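Visitor: Take a look at the following structure, please.
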Amino acid sequence: MGLIGKSVIKAGGVERVTGKGTFVADIKLPGMVYCAVIRSPVARGDIIAIDDSSCNRVKGYLGLFTAKSIPGNNVIPIVFRDQPCFAAKRVNYHGEPIGVVAAESKAIAHTALNRIKVTVKELEGLIDPLKAWGHRKIKLYGDDNIFRHSKIRRGDVESAFRECEVIIEDTYTTPYQEHAYIEPQGMVANPLPDGTMEIYGSMQCPFYVREAVAEVLALPLSDVRVIQTSTGGGFGGKEDVPSLVACQAALPACLLKRPVKLIYERDEDMISMSKRHPSWIHYKSGATADGILRAIQAEYIIDGGAYSTLSPVVLFRGTVHSMGPYRCENVHIDSYAVATNKVPCGAFRGFGSPQILFAVESQMDRLAQGLKMDPAEFRRRNLLKTGDTTSFGQKLSWSVGAKETLEKVVEHSGWRNHIPESAGDKRIGYGLSTVFYGVGLGAGGKHLARTGARVMVEPDASVTFSVGTTDMGQGMQTVLAQVVAQELGLPFENIRMMPTDTSRVPDSGPTVASRATTMSGNALIIACEKPRDSILTEASILLKIEKHNVVIDEGIAFDRKDGRLKVTIKEIIKNCFGKRMPLTGDGWYNTPETSWDNETGIGEPYVTYAWASNIVKLAVDTQTGEVEVLKISSAHDVGKAINPAMVECQIEGGVIQGLGFALTEEMMADSKGKLLNPEFSTYIIPTASDVPEIEPIIVEHPYPDGPYGARGFGEQPLMGIAPAVANAVADAVGVRITDLPITAEKIWRALRAK
Amino acid sequence: MTQTVIFTPKSLSEALEVLNDKKPVVLAGGTDLLVQIKGGGIPPPRYIIAIDNIKALKGIKKNGRKVRIGALTTFEEILDSELLAKFAPHLLEASYEIGSPQIRARGTIGGNIMNASPAGDSIPPLFVLEAHLILQSIEGRRKVAISQFHTGPGKTIRRRDELLIGIEFEAGDKSSRYFFMRLGTRKALAIAKVSAAGMLNIKNGHIGKARIALGAVAPTVVYAHGAQDLLAGKSLSPEVALLVANAAQNDCHPIDDIRSQAEYRQAMVGVLVERGLMRIMNELNGDGQR
Ligand SMILES: Cc1cc2nc3c(=O)[nH]c(=O)nc-3n(C[C@H](O)[C@H](O)[C@H](O)COP(=O)(O)OP(=O)(O)OC[C@H]3O[C@@H](n4cnc5c(N)ncnc54)[C@H](O)[C@@H]3O)c2cc1C
């Protein structure tokens, strides 16, 4: 296993750092025009008129395109079909697209945008999800403004609470979180003379984009080809919304028969693109005197925004994760995704789980405190282990590394070793969290849980491969190239991944849910079978040994029994070509079955789970309420780290993004649903100076169905940071903050009230 | 589309002519101006004058007791200045807090003053130095006390034909002690939620002149008059520091905004002033001067 477990340098890493790479903003095509999006000035209203007559004198103005111009269906298909490409009569959120203008240059497009007169009759909107829920007069979705209601029913909560020594009940809230990818959204649509449409852009899910463009332009899927350009970060923010951006460029491109470019401004991106759902959680849990988590009752509400987009699946995942990684036999969960007149929320690293895990893990500490038990010990007694059954009734037959991650962080962090360090106005605190994550699409999206791959060995022993999942900076390209190199016995340098393109492999579903390494990795291992067999066959002929005795490693084939007998793979491949042996392979991988009963919340929602523990050490200034994070130890069971350095990078990046969620990030909306801080000077993400010492710890309990035991990784590092910070603050100064972010102002207020 | 004409004069006299004729918008480092133009905070200007080629506006000099900082001096240059490390160490503390390395390399002290933000980090340190601004037009020069210059957020008494050419203050002596403290939401690239600067003249343990200025807690930077009055004639002790800190809280009128809340800001004025005074006290104890 030469290349597996090796920290190969990230493919494309040097180019990124030196500013190279083909991003969508770099694309220039002959005759290309530019467009700009017309947006709703109110959160809810009726469109009376869109008037571009004052643009007609603007030189270079090419026209206005609205819902009326759409040749196909005015819909962005995701889970349900409620979101239009352009609002036709009714606008439902501030910033909702109602049309585009096209022009010969970006500047002209923006001049035209400023001149367009949009007349909207403002209507009363629903901004607060708790008020929108079942609103009697204003109906945004169905009868009750609920996109989805999920449940878990297990055991008997009421009588279980009667057995508890300690019961904690509280309300937790979390705000929007912005993805803050470094590259804003952008697309180029290029109509070809044969009537087909090419789309280039920054995205996670080319097959979603293809479906949307085909639907809006009334083209068959065969006539839309989507090519991912270098993508500067996604974090879920480029899962569903690029479909919208692509259609905004594709419509004028199709009608003008010219290439169209659309690159979002940062504030436009922040106002109109998806975010992490704000949430409201009421959570009650209880433990018996011997430290056993006995009962959980919770209500979890997420603010979906104006359209359902991914909310039903986000809610599903949040519901599955609402008990944390613990055994608990009495559970009663109700969760709701509510419609409001705000920007639709969507996918974001953790997908509905970080919000509820903030409550889960805060509660665990408070129960431990009530029992006068060390929080690590309380978790130890309740953590799931191999052979256990989860709260939703799934038997975990293998590879549950939860406890090992817990022991590792306790050991590495100097857990609660703080008394001598507190000095002056500073108080040191330690906070723990243990979380789990269902890897892959699971029962909420199982129709998409498959993926394709293709491998082509060239006569000079270089190799190209194609997959349907994407690299958005997370490093999939590198890890998959390691897999291909390993399978074919070639050096890593010989392997090149082709840009992800819907014409190369069949629809492989989205690049989300930490699924790319496992899904495309498995598909590639299958795709390598045929070329690998040709290579082994030819090697056995050249070495004059039996095929099963041939070993290939980094470009050399040799005899398992006698290492001196060698032949280079270059020579083997040359011979294979000479003999016209097949050196190309296709792979197709489906995940094992998943299930979920929406009435009882019982089933096997995900094929496997990842496990993680975090310990945050921080100092709180008792006078100012300011928090300084000193160190974070973060241990993750990833099954197998194909590239350990990149796993560590994911841990570091996720921890930092989690710190932002915990401490500073807060997108605010006014009472009319307008976002107040769509800019990085007031939406505060951590800078390099704010990053504490991070100690990444890799734990490997192999996942039997994963490539080399890898389970999929990427989202987990963010998920448990906010509760660990809240727990550390409580440890340091004895105040419990239940609404994120944990700002200095909130801590100061809580300290003063003490 | 509106076209913008940009002037790039090489000399001060040339610049003053242009200012007089066209009343252009002045561009120094651009770290405030360009953000404001792009964000629509100010309309795209018809005329811009870029002053970064004018050598006369650069440099830090001492002439007798007078220290003079050219308007075009960047925060990076301030941080490198030995002269200022000696005579305005709190201005270095403030400069270090500004933005990020990139912003400190471009942003100028003149731009910071002229932008007239109550959160401008260089302003409270200049208040406690009782600095004067030197404004010049073709009609001549005038000196204005920095505390008289700002009239509200983004507002000053500058005439549109005037250029800020420098900042001048009287150098302190061995008896002068300084501090600057601020709170921001993160460690870099954070506009101050509250800031405080102080200057005390302390001889034989007794405070002579005392100046305390507060940032981001009123429409402009303000002196904490009540706190200053309390300090005069006293010697520093934890009790005095607390008393003065409480007085400083009543010297300001903060508001709620996207960065923080009034109540918190008011309380933090007290914390910062107390910490600043305690730091001076501890320095003196360390120096054996008390
Ligand atoms: C990312 C970022 C972070 C920042 N962080 C901070 C911070 O932490 N603290 C802080 O205080 N500020 C901060 N700023 C604001 C800004 O960097 C400072 O105010 C800086 O000092 C402005 O200087 P400048 O040379 O760039 O000014 P410019 O943008 O060129 O000019 C600012 C204003 O002053 C006028 N002006 C400039 N020079 C003169 C002159 N000589 N005569 C007359 N008028 C003049 C201009 O017309 C304009 O109105 C930040 C800005 C950014 C973009």
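Visitor: Shape verdict for segment A:351-399, please, from the Cα gyration tensor: rounded (a/c under 1.5), prolate (a/b greater than b/c) or oblate.
Guide: oblate
Visitor: Under the definition of Cα pairs under 8 Å and six or more residues apart, what whole-number percent is the relative contact order of chain A?
Guide: Relative contact order for chain A comes out at 16 percent.
Visitor: Also, I was wondering about something else. Can you give the FRET efficiency to the nearest 0.05 for A:GLU407 and A:GLU628, using r as the Cβ-Cβ distance and R₀ = 22 Å?
Guide: Result of the calculation: an efficiency of 0.25.
Visitor: I need to check one value: relative contact order of segment B:19-63, counting alpha carbon pairs closer than 8 Å and at least 6 residues apart, in percent.
Guide: 47
Visitor: Count charges around B:PRO153 for me, please; just the other residues with Cβ under 14 Å from its Cβ, Lys/Arg as +1, Asp/Glu as -1.
Guide: It works out to a net charge of 0.
Visitor: Give, rounded to the nearest 20 debye, the magnitude of the charge dipole that segment B:176-286 has about its Cα centre when Lys and Arg contribute +1 at Cβ and Asp and Glu contribute -1 at Cβ.
Guide: 420
Visitor: How would segment A:48-111 be classified by its alpha-carbon gyration tensor: rounded, prolate or oblate, with rounded meaning a/c under 1.5 and the a/b versus b/c comparison settling the rest?
Guide: Because a/c hits 1.5 or more and a/b exceeds b/c, segment A:48-111 counts as prolate.
Visitor: Please compute the modelled spin-label separation between B:LEU34 and B:ASN246, points set 7 Å along Cα→Cβ, answer in nm with one decimal.
Guide: 5.0
Visitor: Between A:THR18 and B:ASP52, how high is the FRET efficiency from 1/(1 + (r/R0)^6) when r is the Cβ-Cβ distance and R₀ = 35 Å? Nearest 0.05.
Guide: 0.80
Visitor: Something else: First check a/c for segment A:31-79, with a ≥ b ≥ c the square roots of the eigenvalues of its C-alpha gyration tensor; if it is under 1.5, answer rounded, and if not, answer prolate when a/b is larger than b/c or oblate otherwise.
Guide: Oblate is the answer for segment A:31-79, as a/c is 1.5 or above yet b/c matches or exceeds a/b.
Visitor: Treating only the Cβ atoms of Lys and Arg (+1) and Asp and Glu (-1) as charged, compute the dipole magnitude of segment A:639-754 about its Cα centre; round to the nearest 20 debye.
Guide: So the dipole magnitude of segment A:639-754 works out to roughly 520 debye.
Visitor: How large is the charge dipole for the protein assembly as shown, taken about the Cα centre, if only the Cβ atoms of Lys, Arg (+1) and Asp, Glu (-1) carry charge, to the nearest 20 debye?
Guide: 2060
Visitor: Continuing with this model, one more query. Quick one: give the max-minus-min coordinate of the C-alpha atoms of chain B along each principal axis, largest first, in Å.
Guide: 62, 45, 32
Visitor: Sticking with this one: Short version: what are the Cα gyration tensor semi-axes of segment B:5-170, square root of 5 times each eigenvalue, largest first, in whole Å?
Guide: For segment B:5-170, the ellipsoid semi-axes come out as 24, 18, 15 Å.
Visitor: Below 8 Å, C-alpha to C-alpha, sequence gap of six or more: please give me the relative contact order for chain B in percent.
Guide: Reported as a whole number, the value is 15 percent.
Visitor: Taking each residue in A:620-628, count the Cβ atoms of any other chain within 10 Å of its Cβ, then average. What number comes out?
Guide: Mean shielding count: 3.
Visitor: Rg and Dmax of segment A:680-741, using alpha carbons, in Å: what are they?
Guide: 16.6, 46
Visitor: Quick one: of the DSSP bridges fully inside segment A:372-510, what percent are antiparallel, nearest 5?
Guide: Antiparallel bridges make up about 70 percent of those DSSP assigns within segment A:372-510.
Visitor: Can I ask one more? May I ask which residue of B:PRO101, B:VAL35, B:PRO45 lies farthest towards the positive end of the charge dipole of segment B:5-170, with charges of +1 (Lys, Arg) and -1 (Asp, Glu) on Cβ and the Cα centre as origin?
Guide: It is B:PRO45.
Visitor: With labels modelled as points extended 7 Å from the Cα through the Cβ direction, what inter-label distance (nm, one decimal) is found for A:ILE9 paired with A:TRP398?
Guide: According to this spin-label approximation, the distance is 3.6 nm.
Visitor: Could you tell me the ratio Rg/Rh of segment B:119-228? Both radii from Cα atoms, Rh via Kirkwood.
Guide: Ratio value, two decimals: 1.01.
Visitor: Out of A:ILE685, A:ALA189, A:GLN228, whose Cα points farthest toward the positive end of the dipole of chain A (charges: +1 Lys, Arg; -1 Asp, Glu; placed on Cβ)?
Guide: Among A:ILE685, A:ALA189, A:GLN228, the one farthest towards the positive end of the dipole of chain A is A:ALA189.
Visitor: At a Förster radius of 56 Å, what calculated FRET efficiency corresponds to the Cβ-Cβ distance of A:ASP553 and A:ALA289, to the nearest 0.05?
Guide: The value I calculate is 0.45.
Visitor: Any chance you could run the full-extension gain for A:HIS282 through A:ILE138? It's 0.36 nm times the residue separation minus the Cα-Cα distance, nm to one decimal.
Guide: 49.3 nm
Visitor: By how many nm would the segment from A:LEU676 to A:GLU165 grow when fully extended, if each residue of separation counts as 0.36 nm and the alpha-carbon distance is taken off?
Guide: Full-extension gain reported as 179.5 nm.
Visitor: So what's the net charge close to A:ILE76: Lys and Arg +1, Asp and Glu -1, counting the other residues with Cβ under 15 Å from its Cβ?
Guide: So the environment of A:ILE76 carries a net charge of -3.
Visitor: While we're on this one: What trypsin sites (Lys or Arg not before Pro) does segment B:42-72 have in DSSP loop regions with at most 12 other beta carbons within 10 Å?
Guide: Those that pass, being in a loop and sparsely packed, are B:ARG65.
Visitor: Summing -39500 (n - 2.57) over the DSSP H runs of n ≥ 4 in chain A and dividing by its residue number, what mean residue ellipticity at 222 nm do you reach, to the nearest 500 deg cm²/dmol?
Guide: -8000 deg cm²/dmol
Visitor: Okay, next question. If packing is taken as the average count of other Cβ atoms within 10 Å, what order do A:283-293, A:648-658 fall into, highest mean first?
Guide: For the peptides A:283-293, A:648-658, the packing ranking is A:648-658, A:283-293.
Visitor: Kirkwood Rh over Cα pairs of segment B:176-286 into Stokes-Einstein at 10 °C, 1.306 mPa s: D in µm²/s?
Guide: Taking Rh from Cα pairs, D becomes 114 µm²/s.
Visitor: Let me ask you something else. Could you sort the peptides A:312-319, A:227-234, A:11-18 by per-residue average Cβ neighbour count (10 Å cutoff), highest mean leading?
Guide: Listed from highest to lowest mean packing, they are A:312-319, A:227-234, A:11-18.
Visitor: Once you list every other residue whose beta carbon is under 15 Å from the beta carbon of A:SER54, what net charge do they have if Lys and Arg are +1 and Asp and Glu are -1?
Guide: Around A:SER54, the charge tally is +2.
Visitor: What's the ranking of A:327-333, A:464-470, B:269-275 by average number of surrounding C-beta atoms within 10 Å, highest first?
Guide: A:464-470, B:269-275, A:327-333
Visitor: Still on this structure, please answer the following. Taking the alpha carbon gyration tensor of chain A, what are the square roots of 5 times its eigenvalues, largest first, to the nearest whole Å?
Guide: In descending order, the three semi-axes are 40, 38, 23 Å.
Visitor: What does the structure give for A:736-743 when I average, per residue, the other chain Cβ atoms found within 10 Å of the residue Cβ?
Guide: 1
Visitor: Still on this structure: Toward the positive end of the charge dipole of segment B:176-286, about the Cα centre and with charges on Cβ (Lys, Arg +1; Asp, Glu -1), which of B:VAL244, B:ALA224, B:LEU200 goes farthest?
Guide: B:LEU200
Computed from the coordinates by the stated procedures, all read-outs in this text should not be read as laboratory data. These figures come from a predicted structure and were not determined experimentally. Cβ: placed from backbone, ideal geometry, glycine included. Neighbour counts: every protein chain shown.
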